[in-house]
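S.K.: My questions will all concern the structure given below.
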Amino acid sequence: MTQPRRGLLIILSSPSGAGKSTLAKRLRAWDPTLAFSVSATTRAMRDGEEDGKDYHFTDEAAFKEMVAQGEMLEHAHVFGNFYGSPKGPVSAAIDAGKDVLFDIDWQGAQQIGHSALRDHVLSIFILPPSIAELRRRLQTRGQDDDEVISRRMQKSWDEISHWDSYDFVLVNDDLDQTEAQLKSIIAAERLRRIQQPALLDHVRGLHAEFGENS
């Protein structure tokens with residue numbers, strides 16, 4: 001059977017606290033076939049996290065070896081730790097017609113955008129409604145201390161400054177509305193001509209049929 005379509009690499013980026021992780025979870029609940037790219041990281045495992053589910057936890061030497069061997073689709077050094085997306089599982093999913101969701105920063109998005117899989121990338125940047133609201137969300141989620149929140153806020157403008165390199169940009173001032181917009185974008189992008197390799201054979205068949213009946 002001919003594969004009906006190629007998979008998409010769906011990239012969600014935003015400054016910390018703008019809502020991309022929550023939106024990613026909602027998208028996976030909406031479409032359970034949507035695969036999530038599990039990143040490798042050198043940071044310590046947090047309470048409640050599972051190796052292979054939340055992250056592939058590894059040490060710095062092993063991580064750097066994966067990079068040297070070309071096994072990372074993208075990688076970055078963030079807040080003293082390395083993060084990266086293993087290439088093999090992503091390529092296999094795309095070829096099997098399965099969409100893969102990435103929750104990564106602009107550096108990773110840029111690297112994937114220049115990779116061999118760039119034709120199948122859908123990149124979306126999530127903006128906060130205001131800087132004050134961004135700070136409030138970081139404080140109320142209770143994951144970081146004041147020092148880490150301050151560092152995240154300092155980095156937020158650098159991340160926001162890359163908004164115009166994305167295919168779509170959404171202002172997340174209403175979570176339900178932003179979720180609906182994301183679903184519409186993904187549904188449309190799945191129908192792009194390049195995502196449907198079977199179309200060429202179908203058009204050839206139409207051409208042959210036209211010739212037989214002319």
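Please treat every number below as a calculation from the coordinates, not as lab data. What you see is a predicted model, and the numbers here were worked out from it, not measured in a lab. Note that we place each Cβ from the backbone using ideal geometry, even for glycine, and neighbour counts take in every protein chain shown.
S.K.: State the dimensionless ratio Rg/Rh of the stretch 74-162 (Rg: radius of gyration of Cα atoms; Rh: Kirkwood radius).
M.R.: 1.03
S.K.: Over the stretch 160-204, consider all pairs of different Cα atoms and compute the Kirkwood hydrodynamic radius from their mean reciprocal separation; express it in Å, one decimal.
M.R.: Result for the stretch 160-204 stands at 12.9 Å.
S.K.: If you compute Kirkwood radius over Cα pairs in Å for the structure shown, which of (1) 20.5; (2) 17.2; (3) 18.8 do you land on?
M.R.: Recomputing Kirkwood radius over Cα pairs in Å here gives the entry labelled (3).
S.K.: Using the membrane-span-like helix rule (whole DSSP H runs, Cα extent along the own axis of at least 20 Å, mean Kyte-Doolittle hydropathy at least -0.5), which helices of the chain qualify?
M.R.: Length and hydropathy pass: 175-189, 198-213.
S.K.: Work out the FRET efficiency for residue 155 and residue 59 from their Cβ-Cβ distance, taking R0 = 35 Å, and round it to the nearest 0.05. Spell out each step's value before the answer.
M.R.: Values: r = 25 Å, r/R0 = 0.71.
Calculated transfer efficiency: 0.90.
S.K.: If r is the Cβ-Cβ distance from residue 50 to residue 192 and R0 is 41 Å, what FRET efficiency results, to the nearest 0.05?
M.R.: So the FRET efficiency works out to roughly 0.75.
S.K.: With springs connecting C-alpha atoms under 10 Å apart, model the chain as a Gaussian network and identify which of 201, 146, 51 has the largest mean-square fluctuation.
M.R.: 201
S.K.: Now for a separate question. Using the Cα atoms of the stretch 114-214 to build a convex hull, what is its mean projected area in square nanometres? Please report the intermediate quantities before stating the final value.
M.R.: Numbers: hull surface 40.2 nm².
Its average projected convex-hull area is 10.0 nm².
S.K.: Placing unit charges on C-beta atoms (Lys and Arg positive, Asp and Glu negative, everything else neutral), compute the dipole magnitude of the stretch 1-158 about its Cα centre in debye, rounded to 20.
M.R.: Computed about the Cα centre, the dipole is about 600 debye.
S.K.: How far apart, in nm, are the 7 Å Cα→Cβ label points at residue 140 and residue 165?
M.R.: Label at residue 140, label at residue 165, 3.1 nm between them.
S.K.: Shifting gears a bit: Using only alpha carbons, build the gyration tensor for the stretch 15-92 and give me the equivalent ellipsoid semi-axes, biggest first, whole Å.
M.R.: After scaling each eigenvalue by five and taking roots: 22, 16, 12 Å.
S.K.: Once you have the Cα-Cα distance between residue 130 and residue 118, take 0.36 nm times their residue separation minus that, and quote the gain in nm to one decimal.
M.R.: Details: separation 12, 0.36 × 12 = 4.32 nm, distance 3.12 nm.
Additional length available on full extension: 1.2 nm.
S.K.: So, one more: Which residues in the stretch 28-46 have a backbone N closer than 15 Å to a point placed 7 Å from the Cα of residue 185 along the Cα-to-Cβ line?
M.R.: Hits in the stretch 28-46 for residue 185 at 15 Å: 28.
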